[in-house]
Structure formats: C-alpha cells, structure tokens
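**Student:** I am attaching a structure below and will ask some questions about it afterwards.
Please treat every number below as a calculation from the coordinates, not as lab data. What you are looking at is a predicted structure, and each value in this text was computed from that prediction instead of being measured. Here the Cβ is made from the backbone with ideal geometry for all residues, glycine too, and neighbour counts use every protein chain on show.
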Amino acid sequence: MDKLTVISAKVPEEVYKELILRVPEGDRSSFIRDAILEKLQKIPRPDKIFELEQKINKLEADLSEIKKYLVELEVLTYERGKINPHAFCIDDIDHKIIDHLLHYKGATTSEFADLLGTNRWLILNRLKRIQRFSKKQLGKSIIEYYPGARSGKRKAWWMSEELIET
C-alpha cells in the first residue's frame with residue numbers, strides 16, 4: 001500500500017458501539033479501510049464514464065451520418081405511417097404542434113401561439129428543436145420552414161412532403 005493518510009468520520013453512536021463489539025481494537029483501522037476500498041470498487045470512475053459518454057456520442061453521430069447517406073441514396077425511405085412524428089415530442093406543447101401540423105399541413109408561429117396560448121418565441125424554439133432532433137435521428141427533418149407563400153400562408157412551418165403524401 002502507498003502512504004497512509006488520516007481521515008476522520010462521524011458515524012451514529014449505534015454504529016460505533018456495534019463496531020466496538022464486532023471488531024477487535026487493533027483491527028478497526030484496517031476494517032474501516034477495507035470497507036471504504038470495497039465500496040469504492042463498486043462505484044465507476046468518472047473518467048471511464050466520460051470516456052463511455054464520448055464513445056456513445058461518436059456512435060450516434062456516425063449512425064446519423066449513415067442514415068443521412070442512406071436517405072440520399074434513397075435506400076432508406078420514409079412512408080406515411082412508418083415514422084411517428086410524435087416520437088420527437090417532449091411534452092404536451094410539442095404534441096399539440098405536431099397534431100396541428102398533421103391536420104392542417106402547415107402553420108405560422110403566430111397561429112401556433114394563438115392556438116396554444118403562449119408566445120411565438122417558445123413555439124419557434126420548439127419547432128427548431130423538433131426539426132434539429134428529427135434531422136439528427138432520421139437524417140431528414142420531419143418539419144420544414146418555408147419563407148415564401150405556400151397554400152395561402154407566408155413564413156410558415158410545414159410537415160415534410162414525404163410524410164404528407166399518400
């Protein structure tokens with residue numbers, strides 16, 4: 001063992017009395033040391049957790065890139081009913097946004113704000129998050145922003161064409 005360092009710990013009086021009863025006086029330090037080492041072996045090291053997180057993030061990025069290439073090669077196809085757009089929602093607001101887009105095909109942030117009784121910036125952030133998350137997962141976004149006029153709306157968000165075609 002390396003150099004030993006003295007530590008102090010406060011334990012409940014009942015635990016201390018039990019320690020005195022069960023462990024002989026000369027063995028108490030080694031008993032406590034062994035108990036600490038045993039407990040530390042069960043806890044993963046932070047550097048290993050960080051390393052595993054980095055590997056998982058790299059795998060996710062690689063998988064997203066592969067999916068993107070498969071979409072470009074039209075090997076991975078998107079048909080209505082095969083993608084659940086609600087999978088990219090985190091709460092009730094997101095679900096209402098997706099429901100509205102599925103029913104009406106498109107809407108502006110002002111229309112969403114009036115419908116949900118909230119501000120446009122919250123809606124815009126949610127739409128961008130759904131767009132970014134779906135693009136990362138599928139290689140193609142399930143919603144898209146079109147700044148020009150389309151179906152009587154200007155500067156509106158639309159459900160992706162692949163999802164609305166039947």
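**Student:** Run a plain Debye calculation on the range 1-59 (Cα atoms as equal point scatterers, no solvent) and give log10 I(q)/I(0) at q = 0.14, 0.17 Å⁻¹, rounded to two decimals, same order as the q list.
**Tutor:** -0.60, -0.74
**Student:** Pop the C-beta distance of ALA61 and ARG33 into the FRET formula with R0 = 30 Å and round what comes out to the nearest 0.05.
**Tutor:** Values: r = 44 Å, r/R0 = 1.45.
About 0.10, to the nearest 0.05.
**Student:** Which one of HIS95, LEU4, LEU127 is farthest out on the positive end of the charge dipole of the chain, using unit charges on Cβ (Lys, Arg +1; Asp, Glu -1) and the Cα centre as origin?
**Tutor:** LEU127
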